[in-house]
Structures are given as C-alpha cells and as structure tokens.
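Okay, structure first, notes after.
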Amino acid sequence: MAETHDLVLRGGRVLDPETNFDAVADVGVTGDVITGVSTTPLHGRRTLDVPGLAVAPGWIDMHSHAQTLAGHRLQALDGVTTALELEAGATPVAEAYNEATAEGRPLNFGFAASWTQARMAVIGGMPPGGGIGSTLGRIGDPRWQAPATGRALEEILALLGGELANGALGIGILMGYAPGVAHEEYAAVAGLAAAAGVPTYTHSRDLVERVPDILIDGAEELTRVAAETGAHMHYCHVNSTSTRQIDRVLGLVERVRAEGARVSTEAYPYGAGMTGIGASFLAPERLAEWGMTPASIVYTPTGERVADAARLARLRADDPGGLAIIHTLDERLPADRIFLDRALLAASTVIGSDAMPLTWTSGVPDPYAWPLPKTAVTHPRTAGTFSKVLRHYVRETGTLSLLEAVSRASTLPARVLGESVPALRRKGRVQVGCDADLVVFDPATVTDRSTYEDSTRPSAGYAHVFVAGEAVVSDGELVLSALPGRPIRR
Ligand SMILES: [Zn+2]
C-alpha cells in the first residue's frame, strides 16, 4: 500500500541543488520531516497544489542580528527558515538560547560564541550578556579594544572554549571594530576554533588601501590564518568590507582555497552598510579613508543625513550604539554595481543578509506589533536580501540560475555549518529524511519591496514557508501564532 504523508505539495518545480534536481515533482511531509520526493503523484492527508511555483529548501541566513519576533517575521516573508547570529555572536550563548526559547521564534535560530563580548568582559571589565544591543552600545568604547596580555588572552580563549562546550556554533569575531588588537590574538582564536573543529565568522580588519599603517591587511590576515591554522574562516559580508578592493580580496581567498584552506565568503546585495554610529571606522577623521563624508551617513533614529563632523562627533558621544546607514557604494551606478556583483557571484559566496535589529523612531517599542508601524525602521537588507537576489541576479540579469541561487541561499550555508553541526546536515536539501524547512515561491514574481525610505516593507512572492513542517507563511500571509523555530546547537 502506498505511503500516506501528512501533507503533499503537489506539482511544484522542486529544486535540490545538492543532487542537481530541478523538475516538477510532489513533495511529501510527515511531521517535521520530508518523507517523499517523487515525479509520480504522492498521497497525502492534505494536499496543497503548487503548480508553477518553486519548492526549495528554506533559506539559511548565516548572518542575522534580527533575533526578535519582528525580525524573524520580516525574514520569514523573505523565505528564511533558519536565522543564525554568527558574526557578532552572543556570549553567554546559554542566555541567548534561553531567551529565544522562552519567547518562541517562528524561525530556527542559533548563536556563535562572541569574541567581542568575551573581550568586553575580560579586557573591558564590562558585564557580559545583553545580546546585540549591548554589543552595539559598547562597540566604540576603546576599553574593550586594548591589547591583551598573555594572561588576558588565555582568559578570553578559556571563556570562548567554554562557550563552544555549551553548544555555540563557532566563534564570531568583530575584528574590524578593534583595529589595535594584535594579529597573534586573531590567530590564537582561530587556532582554538580549528582544535574544536568549528568555523569562525569574521568582520575583517580594514584593508591596507584604505589604512596604509594598519597592523595587518584584513584580507591578508584572514586568509593567512585559514592557511596556517586549518580553521574554517567565514568571511562575513565581503561586499561591504572590500567595496572597491573586492578583486584583490577575492584573489587572496581563491589562492588559499586552491591550496586547500577553508574559506567561505558571504555577501548581501546592497551598496550601503549599517552599524552603530560609534564604530571606530566612523570617527570623523577616518571617513576619508573610505572616501566618505559625514553626509554619507544616515542616522536611523532621526533619519537625518549627518550634517558635518561636529554633528557626527556629537551623535557618536551621545548614542554610540545608534544604528546608521553607511553609504559606500551606489548601486545605481554601473561602476559601483560591478563591485557588488563580484562579491555576490564569487564561487565561494553564500547569501547572508546581515539583518539588523529594528530602531523605533518614536513611541515605546512593541515587540508584538504586526504589521510593523512606520516608526520601526532598519536597513532594507533585513527584509529584502534573499528576494532581491532572486529578482535581480536570477530574473532580471540571469547571472545566477535559480538552482545556483537556491544553493547559495540554503545548500552552501548548510554545508559550511554541517561539518561541525549535525543538525545542518538535514537542512538545505529537499531529500527524504531531511528537515521540512521549505519555501514555496513564484520565481516569476518573487521580489524585495524594502527600500532605504521604506525599510521594513516585507518581500512578496512566497506562497508558503514551512519550518519543521509547520507553516509560518500560508497563502502569502504570515501566520502570527506559528512559533515552530527550534534552537540549533552544536
Ligand atoms: Zn559586520
């Protein structure tokens, strides 16, 4: 007798990059597992007809700072089923997992150990915890950026080692925010990751073209450490830290990869970045290194373009964690666009959104508000990254095939993490026995709708999004009550 599945997605274009499967088929789901993939009809207690729609493994975002209910909802409508905070990380990880588990999340979630928070505690003497808000609030504070003595470095490594034992998914390193830290410390942290068999996730140090007297070039540092320690070094948002130097950076990455080093890169399709306005590289006297002026910065809480150096200094002193949009490349200019395209299309690149927390420009933040009011703002990448890739790179320019885009959004991230995190070996794939984290979308219409002016407008084109077999988006609408997201630990 034929097997009966709980649910059958009937007649969609099923995409499984790992097996190169791209054909019309039925997908069966029972509980939280994919129980059938077949070009002949499957039998289900419930059937959803999805002809003309793509059925793919849900997007796995390796770079999401939007670890709140509202952040996850915006990402669910962009096709994300797993949102991981790896670059900034969260130390103590137990606190981050407990908080997300207690509140409930629509999407699967997970955290890396935070080198930055470890340093803030050991070197800066600041109380640990508090997540991304706490990290951003202190990001420009010079106390945590001071060089470490041998003893202090041992303490940092011991703290991070304990976090890995507590299930952290690797080590996040915000090197670019602490330009005075010795290269040896970075190498030691990577050595710890290599010994534990986990990846590191780096916001790289600045580049020598911009800062000629830098201790060591950021791209040289990351790739050298990958070659010397054997650690898997994940190069976060290689687009925004490389900008016009992307060819040199990718050349270094490709060279060490060819020699066997493990480096993956990550990119998001926007010309502007976002970070706390107190970041060291946004000091008025350093803007010229990036070819910027104060007017390149938009301070999110007021929406103002920063008028001058004095205003920038004032904002940095008053609200160092206040988020700001940093306009570095102009996507509308072909000469700038090409740098973004190189980052996105490199063989080593996965799509990662760098989704940001919401800033509430007035009133009391309401974590349960939906739809989001206009007073909740962020970088458009939070809501739109994955759909923008599908719109621009797949549909409008044809520079990625649909299967390649699905691979970069889901299968490749699952592979990067799957080496050390068994749970990821069952994700990023539409195969029998894998997790029923699935997106059903229309390749002809899927699109981002968020802009710098209207930053939290959700993407469109997703008919259904399933996390662990449960719909978080159904018939294009968010299911507000659905909280099937599970913690992903090592
Ligand atoms: Zn970053």
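Residue selection: Leu400 satisfies the criterion of being hydrophobic (A, V, I, L, M, F, W, C), over 24 Å from Gly485 (Cβ atoms) and more than 16 Å from the ligand (Cβ to nearest atom). For the stretch 326-374, the set of residues classified as under 23 Å from Gly278 (Cβ atoms), away from the ligand (no atom under 16 Å from the Cβ) and of a type in the set (S, T, N, Q) consists of Thr359, Thr361, Ser362, listed by residue number. If only residues of the stretch 221-261 that are within 16 Å of the ligand (Cβ to nearest atom) and part of a loop (DSSP other than H, G, I, E, B) are counted, the one that is surrounded by the fewest Cβ atoms within 10 Å (Cβ to Cβ) is His237. Inside the stretch 151-206, residues that are within 16 Å of the ligand (Cβ to nearest atom) and either within 20 Å of Ile488 (Cβ to Cβ) or not hydroxyl-bearing (Ser, Thr, Tyr) (or both) make up a count of 16. Can you work out which of the residues in the stretch 297-338 that are of a type in the set (Lys, Arg) and outside the structural domain of Thr243 (by TED's automatic domain parsing) is surrounded by the fewest Cβ atoms within 10 Å (Cβ to Cβ)? Among them, the one singled out is Arg314. For the criterion of being modelled with pLDDT of 95 or more, farther than 25 Å from Leu323 by Cβ, open to solvent by 20 Å² or more (accessible area, probe 1.4 Å) and of a type in the set (Asp, Glu), Glu155 passes. Checking the stated criteria, Glu209 turns out not to satisfy the condition of being within 16 Å of the ligand (Cβ to nearest atom) and either not basic (Lys, Arg) or not in a helix (DSSP H, G or I) (or both). Among the residues of the stretch 158-172, those identified as crowded, with 20+ Cβ neighbours inside 10 Å and outside any loop (DSSP other than H, G, I, E, B) are Leu159, Leu160, Glu163, Leu164, Ile171, Gly172. Taking residues in the stretch 19-38 that are more than 16 Å from Arg426 (Cβ to Cβ), and partners anywhere that are basic (Lys, Arg) and crowded, with 17+ Cβ neighbours inside 10 Å, the pairs with Cβ atoms closer than 9 Å and at least 6 places apart or on different chains are Asp22/Arg13; Ala23/Arg13; Val24/Arg13; Ala25/Arg13; Asp26/Arg10.
Could you tell me whether any residue of the stretch 279-296 is of a type in the set (Phe, Trp, Tyr), more than 16 Å from the ligand (Cβ to nearest atom) and either open to solvent by 10 Å² or more (accessible area, probe 1.4 Å) or outside the structural domain of Ser407 (by TED's automatic domain parsing) (or both)? So far as the stretch 279-296 goes, no, none of its residues is of a type in the set (Phe, Trp, Tyr), more than 16 Å from the ligand (Cβ to nearest atom) and either open to solvent by 10 Å² or more (accessible area, probe 1.4 Å) or outside the structural domain of Ser407 (by TED's automatic domain parsing) (or both).
Pairs are defined by a Cβ separation below 8 Å, a sequence spacing of at least 6 or placement on different chains, a first member in the stretch 223-235 that is closer than 13 Å to Val249 by Cβ, and a second member that is of a type in the set (S, T, N, Q) and assigned to a helix (DSSP H, G or I); the pairs so defined are Met233/Thr223. So which residues in the stretch 125-167 are more than 20 Å from Ala94 (Cβ to Cβ) and among the charged types (D, E, K, R)? Arg138, Asp141, Arg143, Arg151, Glu154 - these are the residues of the stretch 125-167 that are more than 20 Å from Ala94 (Cβ to Cβ) and among the charged types (D, E, K, R). For the stretch 289-309, a residue qualifies if it is modelled with pLDDT under 95 and not charged (D, E, K, R), and the qualifying residues are Trp290, Gly291. Considered as a group, the residues in the stretch 360-414 that are open to solvent by 60 Å² or more (accessible area, probe 1.4 Å) and in contact with a helix residue (DSSP H, G or I) (Cβ under 6 Å, 6 or more places away or on another chain) include one that is farthest from Ala324 (Cα to Cα), and that residue is Thr399.
Selection over the stretch 201-218 of residues that are without any contact (Cβ under 8 Å) to a residue 60 or more places away in the chain and either within 22 Å of Gly140 (Cα to Cα) or surrounded by 24 or more Cβ atoms within 10 Å (Cβ to Cβ) (or both) gives a count of 11. Might you check whether a residue that is within 17 Å of Val27 (Cα to Cα) and at pLDDT 95 or above occurs anywhere in the stretch 442-455? Yes, because at least one residue in the stretch 442-455 is within 17 Å of Val27 (Cα to Cα) and at pLDDT 95 or above.
Okay, residues lined up against (1) within 16 Å of the ligand (Cβ to nearest atom); (2) under 30 Å from Lys374 (Cβ atoms); (3) touching a Phe, Trp or Tyr at 6+ places or on another chain (Cβ under 9 Å):
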| position | (1), (2), (3) |
| --- | --- |
| Thr35 | no, no, no |
| Ser38 | no, no, no |
| His65 | yes, yes, no |
| Arg73 | no, yes, yes |
| Ala76 | no, yes, yes |
| Ala94 | no, no, no |
| Gly104 | no, yes, no |
| Gly110 | no, no, yes |
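I'm trying to understand the selection: among the residues of the stretch 113-159, which are within 21 Å of the chain's Cα centre (by Cα) and over 30 Å from Ala317 (Cβ atoms)? Passing the criteria: only Ala113. Annotation: Leu438 fulfils all but one of (1) open to solvent by 20 Å² or more (accessible area, probe 1.4 Å); (2) on the phi < 0 side of the Ramachandran plot; (3) outside the structural domain of Ala267 (by TED's automatic domain parsing); the unmet one is (1). Taken over the stretch 342-359, the criterion of being farther than 21 Å from Gly131 by Cα and open to solvent by less than 40 Å² (accessible area, probe 1.4 Å) is satisfied by Ala343, Leu344, Ala346, Ser348, Thr349, Val350, Ile351.
The values are calculated or read from the model by the stated rules, or taken from the named source; none is laboratory data. Bear in mind that the values here come from a model prediction, so they are computed numbers and not experimental data. Ideal geometry is used to build each Cβ from the backbone, glycine not excepted, and the neighbour counts take in all protein chains shown. Surface areas here come from the heavy atoms of the whole protein model, side chains and all, with no ligands, DNA or RNA. Shrake-Rupley method; radii C 1.70, N 1.55, O 1.52, S 1.80 Å.
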